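The values are calculated or read from the model by the stated rules, or taken from the named source; none is laboratory data. Small disclaimer: the values here were computed from a predicted structure and weren't measured. Using ideal geometry, Cβ is built from the backbone for each residue, glycine included, and neighbour counts are taken over all protein chains shown.
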Amino acid sequence: MPRTMTAAPPERARFAFPRSGRFLFWGGMAVLALLLVQAARETQVSPANLLSGAGRIVDIVRRACPPDWHQLPREWKPARETFNIALVGTALGALLACPLALLSSRTIVRHAPVRMAARCVVGLLRAVPDLVWALIFVTAVGLGPFPGVLSLTLHTAGMLGRLGAEMIEDMDVMPMEAMELAGANRLQIFAHGVVPMLAPSMFGLVLYRFDENLRSSLVLGFVGAGGLGFQLYTAISLFQYRTASLLLLMTLVMVIAVEGLSSVMRRHLS
Amino acid sequence: MNGESLVLSDVTKSYDTAGRRRMVLHGIDLAVRPGEIVVLLGANGSGKSTTLKIASGMISPSSGEIRIGDTPISGLKGEMRRQSRMALGMVFQSPRLVGRRAVLSNVLCGTLGRHQDLASMAGILPRSERGLAMDCLEQVGLADLAAQRASTLSGGQAQRVAIARALAQRPAVILADEPVASLDPDAAEEVMVLLRRVAREQNLAILCVLHQIDLARRHATRLAGLKAGRLAFDLPPADVTDEALAGLYARETMREAA
């Protein structure tokens, strides 16, 4: 019986690049390392500064403890305001996003100039951060929650408009084709095909956006757009660290609660 | 509109690719009478799907005419085309249902072409249409699943709902493009039995593309063999020899078509 020759397995398998790939890999790594070093120098990253400042950080934390619970009844109103800014901003943004998503999707709009115009609007709304929108609206309509609502509305419309358009383009169009061949008109196809197929995913996105907007609305307060953020900015500016820690705790509880609720609802939807 | 024939007269189709004209269909003459199931057989690229797409109005023929009864339906545009589509029920390889909607709602989609008002967009349809949709579900044996979500159905059940949706159009003709391709043998048999029954009971003309020769032999009224875009035969199953069928799938068929 002839003996079969089998190659002995190597003792240690080695991940190896081809010769040209090896040069590219190490070259790329060197460029990346250089980029990182210059970025760290430019941004003045300094462990020494951090260490020397550690004492002051500890001091602030010490002065922030315990939170000033007596302020709790007074801070309910701004907390509600933060929640409401996020809620109204998300709802209005979602409403505005619906026509934008439809108009910028190739599946629905076959007329390229209309689609491109809608995409430009969506791009602009997304590209400008909500904080910048808030600064613009604070200047335009004054301090308070309203500029916060407006800035979240525009940014949310941009984000959901883009994601919605992608969802429409990715959806299964075959049921809609079947309806068209059965004689349904475009509005009927939209109402009985597109809406039921997209609504649950779109609602999931809106919930996710609400969760994000709640966090954003806090930062918006720093530029005068109301809510807990405005209170926090004032407390830190006046060195009222115990009030600031209370506000941070309230924010934490609110964010965790909304995050949990939105995650449960999204799981249920999917 | 039930009780009218589907007629394809001297239908040709050609495509211009890279400056060369490629003939896909060469003068197809085919008539499907009420109550008949005509099964189109042929190798890939022989022109079966093109024939079905032309019959459905999805693509226009290069020449020739398609009629339902005495009414020409090729080359129609706008509202006339939409109305002609009501007379043609389509059943596809996949059921193409809206998975998140109830089975009954999917069947009601077949009636939308008769209602162009705003109420129909909100899903408000006359009670009679609801009754018709339930009747159609009854015919395919799924009335008890009317309230169930379409995404929960098995492949065979979903295809039967697609047939019910086509029936809800009250069509004269049903065009079925490989309706059993994704089904197991038992479900495929069920679907073909159902198509044969609705053809007979509702006097519908059914043109169906199939790849399963045994199913075609058992359920078709006539077999139409397509070879490189030409009609090779159009005969009752008993008159189609195994040699004639083997000829359809011979390798040179593919080369000729290409």
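Tabulated results
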| quantity | calculated |
| --- | --- |
| Conditions (1) among the hydroxyl-bearing types (Ser, Thr, Tyr); (2) within 17 Å of the chain's Cα centre (by Cα); (3) surrounded by 22 or more Cβ atoms within 10 Å (Cβ to Cβ): number failed by B:Ser60 | (3) |
| Complete set of residues in the range B:57-83 that are modelled with pLDDT under 90 and in a loop (DSSP other than H, G, I, E, B) | B:Gly57, B:Met58, B:Ile59, B:Ser60, B:Gly69, B:Asp70, B:Ile73, B:Ser74, B:Gly75, B:Leu76, B:Lys77 |
| Restricting the range A:192-204 to residues that are surrounded by 19 or more Cβ atoms within 10 Å (Cβ to Cβ) and of a type in the set (A, V, I, L, M, F, W, C), the residue that is nearest to the other protein chains (Cβ to nearest Cβ) | A:Met197 |
| Helices (runs of 4 or more DSSP H) (entirely within the range B:159-258) containing at least 2 residues that are over 30 Å from B:Gly27 (Cβ atoms), in contact with a Pro (Cβ under 8 Å, 6 or more places away or on another chain) and of a type outside the set (Ser, Thr, Tyr) | none |
| Residue satisfying all of: in the range B:84-132; at the interface with chain A (Cβ under 7 Å from one of its Cβ atoms) and part of a helix (DSSP H, G or I); farthest from B:Ala147 (Cα to Cα) among these | B:Arg85 |
| Filtered residues of the range A:167-190 (kept if within 13 Å of chain B (Cβ to nearest Cβ), of a type in the set (A, V, I, L, M) and surrounded by 19 or more Cβ atoms within 10 Å (Cβ to Cβ)) | A:Met176, A:Ala178, A:Met179, A:Leu181, A:Ala182, A:Ala184, A:Ile189 |
| Filter result for B:Cys136 (hydrophobic (A, V, I, L, M, F, W, C), more than 11 Å from chain A (Cβ to nearest Cβ), surrounded by 14 or more Cβ atoms within 10 Å (Cβ to Cβ) and part of a helix (DSSP H, G or I)) | yes |
| Members of the range B:50-83 that are of a type in the set (S, T, N, Q), more than 12 Å from every other protein chain (Cβ to nearest Cβ) and touching a Leu at 6+ places or on another chain (Cβ under 7 Å) | B:Thr50, B:Thr51 |
| Cross-chain or 6+ apart pairs with Cβ under 7 Å, the range A:60-77 first and closer than 12 Å to A:Met250 by Cα and at pLDDT 85 or above, then surrounded by 10 or more Cβ atoms within 10 Å (Cβ to Cβ) and among the small types (Gly, Ala, Ser) | A:Pro67/A:Ser245 |
| Considering residues of the range A:210-252 that are in a loop (DSSP other than H, G, I, E, B) and touching a Gly at 6+ places or on another chain (Cβ under 7 Å) only, the residue surrounded by the most Cβ atoms within 10 Å (Cβ to Cβ) | A:Ala225 |
| Flag if B:Ala205 is at pLDDT 90 or above and in contact with a Ser or Thr (Cβ under 7 Å, 6 or more places away or on another chain) | yes |
| Tabulated pairs, the range B:161-183, first closer than 13 Å to B:Ile37 by Cβ and within 13 Å of another protein chain (Cβ to nearest Cβ), second among the polar types (S, T, N, Q) and in a helix (DSSP H, G or I), C-beta under 9 angstrom, 6+ apart or interchain | B:Ile163/B:Gln139; B:Leu175/B:Ser56; B:Pro179/B:Gln159 |
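Listed here are the residues, each with its yes/no results for (1) in contact with a Phe, Trp or Tyr (Cβ under 7 Å, 6 or more places away or on another chain); (2) without any contact (Cβ under 8 Å) to a residue 60 or more places away in the chain.
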{"position": "B:Ala43", "(1), (2)": "yes, no"}
{"position": "B:Gly57", "(1), (2)": "no, yes"}
{"position": "B:Met80", "(1), (2)": "no, yes"}
{"position": "B:Ala87", "(1), (2)": "no, no"}
{"position": "B:Met90", "(1), (2)": "no, no"}
{"position": "B:Leu97", "(1), (2)": "no, no"}
{"position": "B:Gly113", "(1), (2)": "no, yes"}
{"position": "B:Leu132", "(1), (2)": "no, yes"}
